[in-house]
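What follows is a set of notes on a single structure, which appears directly below.
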Amino acid sequence: MNHQEFLDLISESTEARSLEALENEHGLAMAICTQDGPLEGATSLHWSGHRNYSELTKRLINLGVDINTNECKWGNHSTPLQWAADAGKPETCQILVDNGAKIDYHEGNGFTALHSCAWGGSSGGSRDPEGYAKTAKVLLEAGFDKNGPGPSFSALTMALHVKNQSVVKVLENVGAIHVYDDPKIRETMKEWK
């Protein structure tokens, strides 16, 4: 099995099959997508966190996969934690945070993992409202700044914009503020969703 096949296995199959393949060939842990496009640079840990594969995530970390790798083009240099947050996966977010994922990292556009959670993936959080709420709580308990350091708008502003109500509630309950002060951001947000 080559690296791309292993990444495809993680994204399309079960955790058990992915773990079995990894145990048969530990070198697969270091799989990185090399195909041109938005997924270029995504690692096995990105996919494992995104799929909420807790045991696989732990195993990949134990095998030395860089927990803070940010070479993935999707999301403008997003980390495995941002992928897990974008998918609303609190279990793998907790594992990543517990094992040293940087909480002060933000993408080139200023988005933190809390912004990714507020965005709520392709469904705006509606696919799994409880998962997104739990993910927001995990990130806040880990020390994420409820109001920043993102771009010219806060995670609460993003959650309000995409109508991710479960995350809006979590952020409002901790006193997050609605920051929306850049005209360019206002124009960009009009184009979203």
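Any read-out appearing in this document is the output of simple, stated calculations on the displayed coordinates, not a laboratory observation. None of these values were measured; they are calculated from a predicted model. Counting neighbours? That spans all protein chains shown, and the Cβs are built from the backbone with ideal geometry, glycine included.
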The range 77-137: C-alpha gyration tensor shape, a/c 1.5 cut-off, then a/b vs b/c: oblate
Principal-axis tilt of helix 15-24 within the chain, Cα atoms, nearest 10 degrees: 40 degrees
Length released on extending from Glu172 to Asp36, taking residue separation times 0.36 nm less the Cα-Cα span: 45.0 nm
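Taking the Cβ-Cβ separation of Arg127 and Leu63 as r and a Förster radius of 30 Å, what is the calculated FRET efficiency to the nearest 0.05?
On the way: r = 30 Å, r/R0 = 1.01.
According to the calculation, E is roughly 0.50.
Quick check for the chain: number of Lys pairs with alpha-carbon distance under 12 Å, counting only pairs 8 or more apart or on different chains?
Here the count comes out as 6.
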Candidate values (1) 25; (2) 29; (3) 18, label of the one derived for percent of Cα pairs over 30 Å apart: (3)
Which of Phe153, His178, Thr14, positive extreme of dipole for the chain (C-beta unit charges): His178
Residue-averaged [θ]222 nm for the chain, counting only DSSP H segments that reach four residues, each worth -39500 (n - 2.57): -14500 deg cm²/dmol
Residue-span extension gain [Lys102 to Ala16] - 0.36 nm each, minus C-alpha spacing: 28.2 nm
